[in-house]
Amino acid sequence: MNDPIENFIEMMGLIYQADGAPRIAGRIFGLLLVEDEPYSLQSIAERLQVSKASASTNARLLAEKGVIRLTTKPGVRQDFYELVPDVYRQMAIKVSARMKQVSDQITGARDAIPAEQSVARERIANLAECYRVASETSLAWAEKLPPSK
């Protein structure tokens with residue numbers, strides 16, 4: 001491919017795939033990043049040359065992750081997808097929330113370990129602290145990001 005936009009969309013698919021997410025989800029995210037209007041599932045499927053079912057599954061996944069949302073157009077019966085407002089900040093906030101959740105889970109697991117297993121408790125407490133700091137850092141990161149359109 002020689003088209004830089006198509007290369008970017010494909011690159012986003014590969015980045016998502018390398019991070020353990022579906023490649024199509026990354027391609028949808030890439031598409032919505034470069035396009036200036038909401039896309040219907042049919043338009044997403046046609047543009048990315050995937051099935052409408054695959055486009056739907058992956059669009060729902062991205063919506064659950066909080067990076068895209070459903071929207072409508074007046075007089076049109078189809079649903080459309082677009083980036084959420086301030087998408088980069090929202091991504092950082094989601095990362096922070098996830099890190100906080102993991103920290104809390106690990107702390108709960110540590111609390112269930114008997115006090116006489118002090119080495120295990122300390123290591124687990126340090127892991128929980130690592131996630132807590134990551135959560136705080138992600139929030140600070142979100143505050144530093146410029147608003148996105």
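The values are calculated or read from the model by the stated rules, or taken from the named source; none is laboratory data. The shown structure was predicted, so the numbers you read here are calculated from the model rather than taken from an experiment. Cβ atoms come from the backbone with ideal geometry, glycine included; neighbour counts cover every protein chain shown. Note: areas computed on protein heavy atoms with side chains; ligands, DNA, RNA excluded. Shrake-Rupley method; radii C 1.70, N 1.55, O 1.52, S 1.80 Å.
Multiplying the residue separation of Phe8 and Lys73 by 0.36 nm and subtracting their alpha-carbon distance yields 20.7 nm. Counting only protein heavy atoms and using a 1.4 Å probe, the accessible area of Lys65 comes to about 120 Å².
Taking a ≥ b ≥ c as the square roots of the eigenvalues of the Cα gyration tensor, the chain is prolate, since a/c reaches 1.5 or more and a/b is larger than b/c. The alpha-carbon of Lys73 sits under 13 angstrom from the alpha-carbons of these aspartates and glutamates, leaving out residues fewer than 8 places away in its chain: Glu37, Glu82. The overall shape of the stretch 1-62 is oblate: from the C-alpha gyration tensor, with semi-axes ordered a ≥ b ≥ c, the ratio a/c is 1.5 or greater and a/b is no larger than b/c.
Its Cα centre serving as origin, the chain has a Cβ charge dipole (Lys and Arg +1, Asp and Glu -1) of approximately 280 debye. With R₀ fixed at 30 Å, the C-beta to C-beta distance from Ala97 to Val34 puts the FRET efficiency at about 0.65.
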